[in-house]
Amino acid sequence: MDTMEKKKLIYLDNNATTPCDPRVVEAMLPYFTEKFGNAASRSHEFGWVAEEAVDYAREQVAALIETDAREVIFTSGATESDNLALKGAFEMYARKGKHIITVKTEHKAVLDSCRRIEKMGGEVTYLDVDHQGMIDLEALEAAIRPDTIMVAVMWANNETGVIQPMKEIGEICARHGVLFFSDATQAVGKIPVKPKEVGVHLMAMSAHKMYGPKGVGALFVNRKAPRVKVTAQMDGGGHERGMRSGTLNVPGIVGFGQAAEIARKEMAEEAQRLSRLRDRLEQGLLKLEETYVNGNPDSRMPHVTNISFKHVEGEGLMMTFNKEIAVSSGSACTSASLEPSYVLIAMGLGDDLAHSSIRFSLGRFTTEEEVDYAIEAVSKGVNHMRELSPIWEMYKEGINLEEVEWSEH
Amino acid sequence: MAYSEKVLDHFNNPRNVGTLDKSKKNVGTGLVGAPECGDVMRLQIEVDEETGIIKDAKFKTFGCGSAIASSSLATEWLKGKPIEEALEIDNMAIVEELELPPVKIHCSVLAEDAIKAAIEDYKKKNGQA
């Protein structure tokens, strides 16, 4: 135990947030103090300096996703971008229709925006996914109606890392003349994300998932063929081409830009390194009995793995190693309803496997040593929890757990 | 969410983990909860047939830290108690002892249910139910 306690806490929860890259912080610092101007101040040097910095960052972000800088609308983060894209398009295109198609495994910012749209009189279709987390393209196409204004499908899932067939979805949307919006928060900066190449018209992103600061994100809005517009969701000074009012977060935007530039240059190498580490982690953990990877192994992010350790409850398992390793669990045992991850449930995992899942998300600063340590600590935790688990004992005795009469509560 | 020191203590050093021979007449077993709900508790008691006192108690639990701590604490409280007195153990006593937050009260309820189920099983086996 002594050697364990000396180690620092290992961070394997990079899908929740990433640390700021020191190079990002360095770029931001002057914009808090000497270059503090308001980018909307047109009458003096302070404002011009700030505006110039914002313009440069806009170019950096646009270069990462290969769009025009004028198509990048800065926001406070991906949640705001999701809200703006969905509600803003719903308002802007009200004359065309009121129907939106999305997927059951989307982020809450998308799903809850859709719920709001339903309350505002809209209609939303929630597509199913298969057991690997992929949508069915035929079901998508069949769901499109004459009054469908938008299809909203995330680029990569936050819990499983599963990547949807963006190009194919884009083709379907183009064929039917509907807008294609994607929450690409988990994908941008980690894999090549080029909205124009796959026919995405609106795309949400966030700086803090790619080694930039929290509190800043962007919405890509396609400018030509088709020219897309969304109705602003906040009233004010008409910043960001009238789509997002509010004084620009200059230091945050500068940091986002710097993070984008670093990602553009280092992404290929980093993805390769992380996918090797992820595979090492996965192979190490899969040596444990009754352990399963959730999500399509052939179409997922390089740095994520979501694993179910059968007959062990995720939150309890995390407690065995949360002094050493920071991860997150698909099981939320904090509410009276004890609801496990809706993403895993939508994939058709039984509640028992969903309650047993842990998400490991590696990042730029993860080392091989940390991965090896995590394999050891997690394996130890799983074995400990299984010794404590009555259902593991029953399973080992050959009892068919499906036939046990449980007392539901 | 931070756990109380007491929960952490029971979680890190669970008392009385194990299995009693359920074929024995003086062993009562309570199995409550469901894997789908995220927690299953199995609590067993071994009763001294002459005195009616619980001489041993064991548990195994699938669940979060609070569920494990609740059942571990329950076995500690059961040992040495006459069964009639054990029936009076109330979930709120577990909540207080372990300082469980409101979202974890169900863990204590489950522990109380497990105690009652184990005693009921013992009584059934011995024609007392």
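The values are calculated or read from the model by the stated rules, or taken from the named source; none is laboratory data. Source: prediction; values computed, not measured. Methodologically, a virtual Cβ is constructed for each residue, glycine included, from the backbone with ideal geometry; neighbour enumeration extends over all protein chains shown. Surface areas here come from the heavy atoms of the whole protein model, side chains and all, with no ligands, DNA or RNA. Shrake-Rupley method; radii C 1.70, N 1.55, O 1.52, S 1.80 Å.
So here's what we get for this one:
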read-out: The listed residue being open to solvent by 40 Å² or more (accessible area, probe 1.4 Å) and more than 25 Å from A:Gly255 (Cα to Cα), out of A:Glu91, A:Glu59; value: A:Glu91
read-out: Among the candidates A:Ile345, A:Ile325, A:Ile307, residue that is open to solvent by less than 10 Å² (accessible area, probe 1.4 Å), more than 9 Å from chain B (Cβ to nearest Cβ) and either modelled with pLDDT under 95 or within 18 Å of the chain's Cα centre (by Cα) (or both); value: A:Ile307
read-out: Those residues of segment A:222-239 which are crowded, with 16+ Cβ neighbours inside 10 Å and at pLDDT 95 or above, in sequence order; value: A:Asn222, A:Val228, A:Lys229, A:Val230, A:Ala232, A:Gln233
read-out: Lone qualifier among A:Phe360, A:Phe365 - being of a type outside the set (D, E, K, R), open to solvent by 30 Å² or more (accessible area, probe 1.4 Å) and within 27 Å of the chain's Cα centre (by Cα); value: A:Phe365
read-out: Meets criteria (under 16 Å from the mean Cα position of the chain (by Cα), within 17 Å of B:Ser108 (Cα to Cα) and within 14 Å of another protein chain (Cβ to nearest Cβ)) for B:Asp39; value: yes
read-out: Failed criterion for A:Glu80 (all others in (1) over 30 Å from A:Asp235 (Cβ atoms); (2) open to solvent by 20 Å² or more (accessible area, probe 1.4 Å) hold); value: (1)
read-out: Extreme residue, farthest from the other protein chains (Cβ to nearest Cβ), among residues of segment A:378-389 that are buried (at least 22 other Cβ atoms within 10 Å of the Cβ) and in a helix (DSSP H, G or I); value: A:Val378
read-out: Hits in segment A:310-322 - residues which are within 22 Å of the chain's Cα centre (by Cα) and either modelled with pLDDT of 95 or more or surrounded by fewer than 23 Cβ atoms within 10 Å (Cβ to Cβ) (or both); value: A:Met318
read-out: Those residues of segment B:98-124 which are over 23 Å from B:Gly65 (Cβ atoms), more than 13 Å from the chain's Cα centre (by Cα) and buried (at least 18 other Cβ atoms within 10 Å of the Cβ), in sequence order; value: B:Asp121, B:Tyr122
read-out: Residue within segment A:354-366 that is facing chain B (nearest Cβ under 10 Å) and touching a Lys or Arg at 6+ places or on another chain (Cβ under 9 Å) present; value: yes
read-out: Odd one out for B:Pro82, checked against (1) farther than 30 Å from A:Arg386 by Cβ; (2) under 14 Å from the mean Cα position of the chain (by Cα); value: (2)
read-out: Tally of residues being open to solvent by 10 Å² or more (accessible area, probe 1.4 Å) and farther than 12 Å from A:Ser76 by Cβ across segment A:199-221; value: 3
read-out: Filtered residues of segment B:42-58 (kept if more than 12 Å from every other protein chain (Cβ to nearest Cβ) and in contact with a strand residue (DSSP E or B) (Cβ under 8 Å, 6 or more places away or on another chain)); value: B:Ile45, B:Glu46, B:Val47, B:Asp48, B:Thr51, B:Gly52, B:Ile53, B:Ile54, B:Lys55, B:Asp56, B:Ala57
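Residue-by-condition table, conditions (1) of a type in the set (A, V, I, L, M); (2) open to solvent by 40 Å² or more (accessible area, probe 1.4 Å); (3) in a loop (DSSP other than H, G, I, E, B); (4) closer than 30 Å to A:Arg364 by Cα:
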position: A:Arg244; (1), (2), (3), (4): no, no, yes, no
position: A:Gly255; (1), (2), (3), (4): no, no, no, yes
position: A:Ala260; (1), (2), (3), (4): yes, no, no, yes
position: A:Glu266; (1), (2), (3), (4): no, yes, no, yes
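Yes or no, residue by residue, for (1) of a type in the set (Gly, Ala, Ser); (2) over 30 Å from A:Met154 (Cα atoms); (3) buried (at least 17 other Cβ atoms within 10 Å of the Cβ); (4) over 17 Å from the mean Cα position of the chain (by Cα):
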residue: A:Arg23; (1), (2), (3), (4): no, no, no, yes
residue: A:Met28; (1), (2), (3), (4): no, no, yes, yes
residue: A:Val49; (1), (2), (3), (4): no, yes, yes, yes
residue: A:Glu66; (1), (2), (3), (4): no, no, no, yes
residue: A:Val72; (1), (2), (3), (4): no, no, yes, yes
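Okay, residues lined up against (1) closer than 28 Å to A:Glu339 by Cβ; (2) in contact with a Gly (Cβ under 6 Å, 6 or more places away or on another chain); (3) modelled with pLDDT of 95 or more; (4) crowded, with 24+ Cβ neighbours inside 10 Å:
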residue: B:Gly18; (1), (2), (3), (4): no, no, yes, no
residue: B:Lys22; (1), (2), (3), (4): no, no, no, no
residue: B:Arg42; (1), (2), (3), (4): yes, no, yes, yes
residue: B:Thr51; (1), (2), (3), (4): no, no, no, no
residue: B:Ala57; (1), (2), (3), (4): no, no, yes, yes
residue: B:Lys60; (1), (2), (3), (4): yes, no, yes, yes
residue: B:Cys64; (1), (2), (3), (4): yes, yes, no, yes
residue: B:Ser71; (1), (2), (3), (4): yes, no, yes, yes
residue: B:Thr75; (1), (2), (3), (4): no, no, yes, yes
